[in-house]
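*Asks:* My questions all concern the structure below.
Each reported figure results from applying straightforward, stated rules to the coordinates on display, with no laboratory input. All values reported here derive from a predicted model rather than from experimental measurement. Quick reminder, even Gly has a Cβ in these numbers, built from the backbone with ideal geometry, and neighbours come from all protein chains shown.
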Amino acid sequence: MSHALTINGTIGQTGFEGLLEKRKAPPKTPRTARRAQPKARVAKAAAKNAGDLALAEALAGGERGAWNDFVRQFAGVVYAAVQRRLIPAGRGDEVEDVVQEVYVRLCKAEFRLLRSYDPARARLSTWLTVVSTSASIDYLRRQRMTQIAIEDAPESCLAVEDPAFENIKIPEGLLSGRQALVLELLYRRDLEVADAAQIMKIDPQTVRSTHHKALTKLRTHFRAIGEVPG
């Protein structure tokens, strides 16, 4: 008869020890080891994303060619993140404007935002997706507010006859591509708003609002340097 069977109504020694063995809890990990695990994961993530950090630091340090490397690797990430927000909102033709805004955010104040990237928390592509999504949400919120303001404004406030800006030299990079094109069509080519809208394949109201924002940006710039046209 097996020792694991009952003998005189009691459990045999071998069976009793076997039950105890089964009921034993798995050995606990020492507290110091448990504390070390998160640190190890952080260190592993940081090491994995070391290349991303190196590129971010090169950008912030102004290294030649770093920006081209960055755009080549991550322009698609930024563009896709912006598209995901703007296209459902019916503003797919404004994606490039927001992409440029993302780049401005990354570069302003001596790359302060870019310097905040932490490779231990996420890959650079993930971090850029968050930044781009945030910029897109902010942009859509501003557009909703601007749209309300423009619809309530008199037509004369949005008129394109503003000769003070016809012959000025616009600093490179001050305006977005769309804003520069609107000014080109309305002033240098002397087109009507409807014609410009047809060429750009956007709504005339978008032409007016883009024109309005471009002039506001120009006035702010030239006022800051003490040269307000008009």
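*Asks:* Tabulate in residue order the Karplus-calculated ³J(HN,Hα) for segment 124-133, using 6.51 cos²θ - 1.76 cosθ + 1.60 with θ = phi - 60°, rounded to whole Hz; enter x for Gly and Pro.
*Replies:* Karplus-based 3J(HN,Hα) across segment 124-133 equals 4, 5, 5, 4, 5, 4, 5, 4, 5, 5 Hz.
*Asks:* Moving on. With each label point set 7 Å from Cα along the Cα-Cβ vector, what nm distance links Glu96 and Tyr79?
*Replies:* About 1.1 nm, to one decimal.
*Asks:* With 10 angstrom as the radius, rank Glu94, Glu63 by how many other C-beta atoms surround their C-beta, starting from the fewest.
*Replies:* By the 10 Å Cβ count, ascending: Glu63, Glu94.
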